[in-house]
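Written below as structure tokens is the structure these notes are about.
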2 protein chains.
Amino acid sequence: MEEAKGPVKHVLLAKFKDDVSPEKIKELINGYANLVNLIEPMKAFHWGTDVSIENLHKGFTHIFESTFESKEAVAEYIAHPVHVEFANLVDV
Amino acid sequence: MEEAKGPVKHVLLAKFKDDVSPEKIKELINGYANLVNLIEPMKAFHWGTDVSIENLHKGFTHIFESTFESKEAVAEYIAHPVHVEFANLVDV
């Protein structure tokens with residue numbers, strides 16, 4: 001396929017284990033949203049919850065979309081200590 | 001969680017079987033992109049290919065994002081004969 005040009009979107013689908021409280025989920029989302037203030041190459045952040053009616057969401061309840069200017073910027077984000085610290089809070 | 005407000009995004013991750021040719025994939029993507037011209041409630045369409053380096057993409061190679069003004073608009077899109085015809089071309 002063609003090489004990616006222009007913005008690169010990092011898209012994460014998530015589901016949470018039953019024992020994760022709504023407060024904990026809110027805290028994780030707030031922490032994720034705050035990365036945009038702390039990690040320079042992360043240019044925008046949007047998230048939402050599943051409202052689909054097609055029953056094709058495979059149990060995923062949340063989506064998180066971060067915007068970068070290049071693949072290199074994504075790599076910088078992934079390696080950023082603040083991201084590493086945040087990612088360690090979450091099972092993937 | 002809170003009720004969805006504002007735009008509703010329809011996000012589809014895709015992978016193709018090995019016997020689907022690059023030409024066929026291009027044709028399907030063009031057909032998908034063309035829905036925005038044919039289905040009024042579909043307000044925008046973006047797509048891209050996987051360029052991730054985290055090895056968490058679970059074999060999905062393509063992402064398609066359509067934008068709607070409400071959940072009702074998504075329902076209208078899903079039921080639209082042009083969408084139904086297109087969806088029948090694709091295994092889910």
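So, A:Pro7, is that one modelled with pLDDT of 95 or more and either over 16 Å from B:Leu56 (Cα atoms) or surrounded by fewer than 15 Cβ atoms within 10 Å (Cβ to Cβ) (or both) or not?
Taking the combined requirement at face value, the residue does not satisfy it.
Could you check the stretch B:37-77 and list, in sequence order, the residues that are open to solvent by 90 Å² or more (accessible area, probe 1.4 Å), in contact with a helix residue (DSSP H, G or I) (Cβ under 7 Å, 6 or more places away or on another chain) and modelled with pLDDT under 95?
The one that is open to solvent by 90 Å² or more (accessible area, probe 1.4 Å), in contact with a helix residue (DSSP H, G or I) (Cβ under 7 Å, 6 or more places away or on another chain) and modelled with pLDDT under 95: B:Ile53.
Restricting to the stretch A:36-67, count the residues that are farther than 19 Å from B:Lys58 by Cβ and in contact with a Lys or Arg (Cβ under 6 Å, 6 or more places away or on another chain).
Number satisfying all stated conditions: 2.
Are there helices (runs of 4 or more DSSP H) fully within the stretch A:7-92 with at least 1 residues that are over 19 Å from B:Ser52 (Cα atoms) and within 14 Å of chain B (Cβ to nearest Cβ)? List them.
Values: elements: A:22-38, A:71-79, A:81-87.
Fully inside the stretch A:7-92 and qualifying: A:22-38.
Hey, can you tell me all the residues within the stretch B:27-57 that are under 30 Å from A:Ile78 (Cβ atoms) and either touching a Leu at 6+ places or on another chain (Cβ under 6 Å) or of a type in the set (D, E, K, R) (or both)?
If the condition is that a residue be under 30 Å from A:Ile78 (Cβ atoms) and either touching a Leu at 6+ places or on another chain (Cβ under 6 Å) or of a type in the set (D, E, K, R) (or both), then B:Asp50, B:Glu54 are the ones that fit.
The values are calculated or read from the model by the stated rules, or taken from the named source; none is laboratory data. As the structure is a prediction and not an experimental result, all values here were calculated from the model. All Cβ positions, glycine included, derive from the backbone under ideal geometry; neighbour counts span all protein chains shown. Heavy atoms of the whole protein, side chains included, go into the accessibility calculation; ligands, DNA and RNA do not. Shrake-Rupley method; radii C 1.70, N 1.55, O 1.52, S 1.80 Å.
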